[in-house]
Amino acid sequence: MTSNDDYILEILENVGLVSREQALAAREIATKEDEAVMEILAREGVVAKRDMLKALAGQFGMEMISLTGLDIEREVLDMVPGDVAQRYKVVPVFKHENVLTVAIGDPLDVDTLDGLRYVLKCNVEGVVAPPEEIEKAIANYYGRATGAVEGMLQEITEGTLALPDDVQKQLVGDENVTESDAPIIKLVSLIIMEAFRNRASDIHLEPMPKKFRVRYRIDGVLHEVDSPPKRLQSAIISRVKIMANMSIAEKRVPQDGRIQINVMGRDLDLRVSSIPSSHGESIVMRILDKAGIALGLPQLGFFSDDQQIFERLITLSDGILLVTGPTGSGKTTTLYACLNTINKPDRKIITVEDPVEYQMSGINQVQVRTDIGMTFSAALRAILRQAPNIIMIGEIRDLETAEIAVNASLTGHLVFSTLHTNDAPSAVTRLIDIGVKPFLVASSTRAIMAQRLVRKICDKCKEPYTPQEAELRLLGPAAKQLATAQLFHGKGCADCSFTGYRGRLGIYEIFQIDDQVRNLIFEQVSSSELRIKARELGMRTLREDGVRKVVAGITTLEEVLRVTMGDNG
């Protein structure tokens, strides 16, 4: 029961839609069951939801319309990108002169209209439409992702939902499955399939107080899709845990699991993580597409000059090459691309990973198992006796792992690994902070590469645009490169789900360690001094590499600023 509910009841009483007794009864139920009064009044058959919406709209001087059968012009739809329509739950209806009219489901939600005016930078007026019509219109006009779960649930209810035979066998092949379980099994299966079709990297199943939220991470950005009813939460979570060979009885501690499935002819691994939260277990499924990891260096987004530098570095006979960046910046993909490039029959390559994300032919991959004492350091000590040429360590986390990696690099091995730092020079001070002696860091490290992922402009709706002064000011010195350049952005189309972006690529900062830098590391100078020296020696910063890709029409200024806000270079 909220203050809005009291206001709604007062309006409905004033217009004569409910009596005083009905209002008091609805208020009592709402307080007891923590449910919205409009839902209670509609459920009890006191008044139709549409009539209530019309009464509320009238109080705010808004018109009530129906979206069913309404033909909205494409020019009007293009004024509101798909992600904005999904986030605000609105549909643009028509435009007159300088005013855009949008349909909203809640006439009391004045913040939505204010937010749209700010985001769209135009005058916005509202009309009211039933929320279910708005959801259907968003699904119809802005693509499948938003309406996917709703469609699945409707098909389940009507008994018409069908899965491809191969998926049906894989996901509905449990001996203990009963007829009543089948709809949930199909729903979970189609949530996974829909995520794959929409190029999602993660599926998030998140219990909320009154809803069970489903979100897909597409090109690094989360998009909410229509959610299953809260009553299905427990069944859906249990089904995912069964598929991932996790204990459905244990709900108090985090668990990890794995699902292997073939979808649309592609072998997928889903890495599943569950964690207890206030309103139930939160599940995240990371989609690992085996075909997507077979990348070479050109597909990562290197320009030719950086690619030549990096190709030379990964063919060195010894030393450490570090890739740094936050979680989700593509470090693992870069390391696998390096291994793909140098994986030849005359080289023995061993990796130590937690977990082994992708199986690669011709490479020996070791899984860390801390529960049985198979830690990074223990695995590394063992694999050095296997006489490898190249070692890949998933992440340097502690002094013991770092020291073994350094010693391996000093005894004729080429070592690849990752660190979590914001830029390349900071990795040096990070290793010293861990406890590695400065002279060992200087002697063993050959190069450090920091990276981030930016979204690529959709080729289907790419168009020129002029950046705003505020964006150029944020860029600082790097803005000079844009003085005479023609910039582009994505207008938004069905191919990119009206986001203007499709796919991602990396921006890079390559810090090569030469004799001058080694002397500074011996002297234990700060990372800021190392950065100044690296710039003098020609290192291009993340932001500068990003601006090069903006000038080339690959990404947008907005994207580069988003991922390099801490970069003053």
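The values are calculated or read from the model by the stated rules, or taken from the named source; none is laboratory data. Computed from a prediction, not measured in an experiment: that's the story for all the values here. Don't worry about glycine lacking a Cβ; one is built from the backbone with ideal geometry, like all the others, and counts go over all protein chains shown. Protein only, heavy atoms only, side chains kept; ligands, DNA and RNA dropped before computing areas. Shrake-Rupley method; radii C 1.70, N 1.55, O 1.52, S 1.80 Å.
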With respect to the cross-link table entries 344/549; 89/456; 462/549; 331/491; 121/462; 211/456, which display a Cα-Cα separation exceeding 22 Å? 344/549; 89/456; 331/491; 211/456
Unit charges at the beta carbon, dipole of the range 213-262: most positive-side option, 242, 257, 216: 242
DSSP-defined beta bridges in the chain - what % are antiparallel, rounded to 5: 65
Using +1 at the Cβ of each Lys and Arg and -1 at the Cβ of each Asp and Glu in the chain, identify which of 138, 424, 563 lies farthest towards the dipole's positive end. 424
Over the Cα atoms of the range 403-525, what radius of gyration and what Dmax do you get, in Å? 20.5, 56
Heavy-atom accessible area per residue, the chain, 1.4 Å probe: how many Å²? 47
Any idea which of 453, 513, 364 is furthest toward the positive side of the dipole for the chain, if Lys and Arg beta-carbons carry +1 and Asp and Glu beta-carbons -1? 513
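Just from its helices, what would the mean residue ellipticity at 222 nm be for the chain, if runs of 4 or more DSSP H residues each count -39500 (n - 2.57) and the sum is divided by every residue, rounded to the nearest 500 deg cm²/dmol?
-11500 deg cm²/dmol, from helical runs alone.
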Orphan Cys of the chain, criterion: no other Cys C-beta under 4.7 Å: 122, 338
Beta bridges per DSSP with both ends in the range 23-131, % antiparallel, nearest 5: 40
Assigned charges on the beta-carbon of Lys, Arg, Asp, Glu; the chain dipole about Cα centre (debye): 1780
For the range 1-72 and the range 461-501, distance of Cα centres in Å: 44
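Quick one: pull the percent of accessible area on the chain belonging to carbon and sulfur, 1.4 Å probe, ligands and nucleic acids left out.
On the way: 12790 of 26590 Å².
The nonpolar share, carbon plus sulfur, comes to 48 percent.
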Degrees between helix 331-342 axis and first principal axis of the chain (Cα, 0 to 90, nearest 10): 50
Against the longest principal axis of the chain, how steep is helix 542-551, in degrees 0 to 90 to the nearest 10, with axes from Cα atoms? 60
Restrict the search to the range 191-249; then list the trypsin sites (Lys or Arg not before Pro) that DSSP places in a loop and that have at most 14 other Cβ atoms within 10 Å of their Cβ. 210, 211
Can you send over the solvent-accessible area of residue 459, 1.4 Å probe, protein chains only, in Å² to the nearest 10? 130
What fraction of the Cα pairs in the range 1-151, stated in percent, has a spacing above 26 angstrom? 31
